[in-house]
1. Where Rh is the Kirkwood radius over the Cα pairs of the chain, the temperature 20 °C and the viscosity 1.002 mPa s, what D in µm²/s does Stokes-Einstein return?
2. Tell me the carbon and sulfur percent of the accessible area for the chain, rounded to whole percent, probe radius 1.4 Å.
3. Between 0 and 90 degrees, rounded to the nearest ten: what's the tilt of helix 323-337 against the longest Cα principal axis of the chain?
4. Quick check for me: using +1 on Lys/Arg Cβ and -1 on Asp/Glu Cβ, what's the dipole size of the range 381-467 about its Cα centre, in debye to the nearest 20?
5. Return the long-range amide H neighbours of T380 (sequence gap of 5 or more, or a different chain), with a cut-off of under 5 Å between placed amide H atoms.
6. Assign unit charges at the C-beta atoms only (+1 for Lys and Arg, -1 for Asp and Glu), then state the dipole size of the chain relative to its Cα centre in Debye, rounded to the nearest 20.
7. In degrees from 0 to 90, rounded to the nearest 10, what is the angle of the helix 118-127 Cα long axis to the longest principal axis of the chain?
8. Can you order the peptides 283-291, 155-163 by their average number of other Cβ atoms within 10 Å per residue, highest first?
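The values are calculated or read from the model by the stated rules, or taken from the named source; none is laboratory data. As the structure is a prediction and not an experimental result, all values here were calculated from the model. Heads up, the Cβs are rebuilt from the backbone with ideal geometry, glycines too, and the neighbour counts pull from every protein chain shown. For the accessible areas, the whole protein counts, side chains as well, though only heavy atoms, and no ligand, DNA or RNA atoms are used. Shrake-Rupley method; radii C 1.70, N 1.55, O 1.52, S 1.80 Å.
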Amino acid sequence: MHGDDHAHEHHDHKGPWTRIFTTTNHKDIGSMYLWFGFLMFFVGGAMALGIRAELFRPGLQWMQPELFNSLTTVHALVMIFGGVMPAFVGFANWLIPMQIGAADMAFPRMNNWSFWIMIPAAVLLMASFFVPGGAAASGWTLYPPLVTQGGMGTDMTILAIHLLGASSIMGSINIITTILNLRAPGMTLMKMPLFCWTWLITAYLLIATMPVLAGAVTMLLTDRHFGTSFFNAAGGGDPTMFMHIFWFFGHPEVYILILPAFGIVSQIIPAFSRKPLFGYASMVYATAAIAILSFIVWGHHMFTVGMPAAGQLFFMFATMLIAVPTGVKIFNWISTMWRGSLTFETPMLFCIGFLCMFTLGGFSGLVLAIAAVDITLHNTYYVVAHFHYVLFPGAIWGLTAGVYFWLPKFTGKMYNETLGKWHFWISAIAFNITFFPQHFLGLAGMPRRIPDYALQYAEWNMISTIGAFLLGFSQLIFLYNVVTTIRSGEKAKDKQWEGADSLEWTHLPSPVPYHTFETAPVIK
């Protein structure tokens with residue numbers, strides 16, 4: 001299958017640091033992205049625990065409101081731009097060349113560069129806590145006029161967003177070019193694994209939306225320092241315009257965080273069902289439909305801003321329309337499992353958890369899509385519960401499932417299945433203890449982004465905080481499992497999962513050799 005093809009295993013004589021800084025190999029860079037995402041996930045998670053510790057009881061416990069506001073702002077930015085997005089790019093780097101039969105990414109040097117410009121961005125975000133005025137404290141949406149009153153930390157945040165956006169655009173160009181030009185003979189677009197399709201569509205979304213965000217934050221910067229009044233009502237500007245521009249980026253961004261997870265789940269569920277993915281073509285079209293619709297729903301974030309009834313109706317129905325292609329996907333995943341020869345290893349458990357919790361998050365989103373209801377629930381903890389039900393099981397469990405599924409292929413070693421299952425069950429229980437009570441808090445009227453609250457919210461906040469610390473503990477099990485697998489795990493098989501059928505499992509050994517395909521495979 002692969003023995004002779006890979007007899008010329010690469011022996012890199014560079015020192016480890018030289019190799020880290022100069023590598024252009026897609027697997028090296030993929031690993032660097034994954035470790036970076038992993039690190040930032042723990043940094044963002046530590047900030048979340050700080051927030052939950054403060055909310056354990058009413059009154060101010062551990063921090064001043066200014067620091068609390070900075071933590072809520074930077075927690076979101078770190079999780080979105082530093083944790084989830086780089087981790088998905090890490091999977092794209094590892095998997096796309098292997099799944100389409102390419103030797104490497106199309107632009108290896110740009111690949112290296114797009115990783116390294118994230119490092120100063122992360123340093124800027126973290127360092128902003130230590131400058132006069134502290135880190136940005138306006139929420140991750142950076143709404144004016146609040147953001148124009150921030151200190152130097154806000155400028156550092158804007159520069160960090162620029163760098164992270166540039167990294168995303170370079171990565172997207174690389175992914176699109178690789179998929180469109182470097183596929184092996186016979187690998188037509190409609191034969192690609194769904195992970196490649198979801199990333200191809202995500203890359204187009206990134207290229208379309210990141211410049212919009214860059215434009216918005218640049219206008220903020222000129223309002224702050226160069227006397228312009230784009231968003232300053234006193235100078236003839238309009239702060240509402242920023243909200244329109246921001247959410248034109250912000251809602252597609254939600255799908256940028258979710259679509260690659262759809263791709264990962266679409267690889268794993270068929271493998272453990274021992275059946276092909278049900279409705280492959282409809283999955284591709286549904287992914288494209290979600291991406292296109294994501295550009296016409298931004299107004300649902302702004303129902304309370306003031307908008308004509310016709311505008312409210314348009315955004316309300318457009319938002320509900322997204323449930324249709326999303327429902328197609330959920331139907332197809334369930335149909336794939338139907339009468340399959342199912343087994344429930346750790347990656348499959350995380351995928352089923354993803355399916356249940358993400359669907360619940362989707363339904364609570366439909367509630368918020370109703371303009372009349374949203375006006376009551378806007379800016380309450382119900383919204384916090386909704387988006388964490390979408391993004392934690394959606395993005396982070398999708399990533400976690402992917403790590404467990406491909407770790408044997410990446411490292412050549414098998415993780416500890418018992419620890420993996422403990423990780424899943426503690427995570428699943430703790431996640432629901434943390435975020436389900438936040439629905440009740442929101443329905444009772446507790447606003448988000450406040451460090452103190454009225455006494456009637458005390459019990460559910462206490463339960464939510466206990467759940468958050470348990471959730472944090474369960475991630476340490478994950479870290480321990482990954483590290484011990486790399487250091488001393490048992491040898492994995494070349495095809496560790498019986499039902500896996502993409503090229504990395506059928507044509508490559510475990511671990512994958514330094515040069516992936518010396519001769520392109522021919523796909524029939």
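1. Stokes-Einstein gives a translational diffusion coefficient of 90 µm²/s.
2. Numbers: 14730 of 20840 Å².
Carbon and sulfur: 71 percent of the exposed surface of the chain.
3. Approximately 40 degrees, to the nearest 10.
4. 300 debye
5. Under 5 Å from the amide H of T380 lie the amide H atoms of R448, each far enough along the sequence or on another chain.
6. 600 debye
7. Once rounded, one gets 30 degrees.
8. Descending packing order for the listed peptides: 155-163, 283-291.
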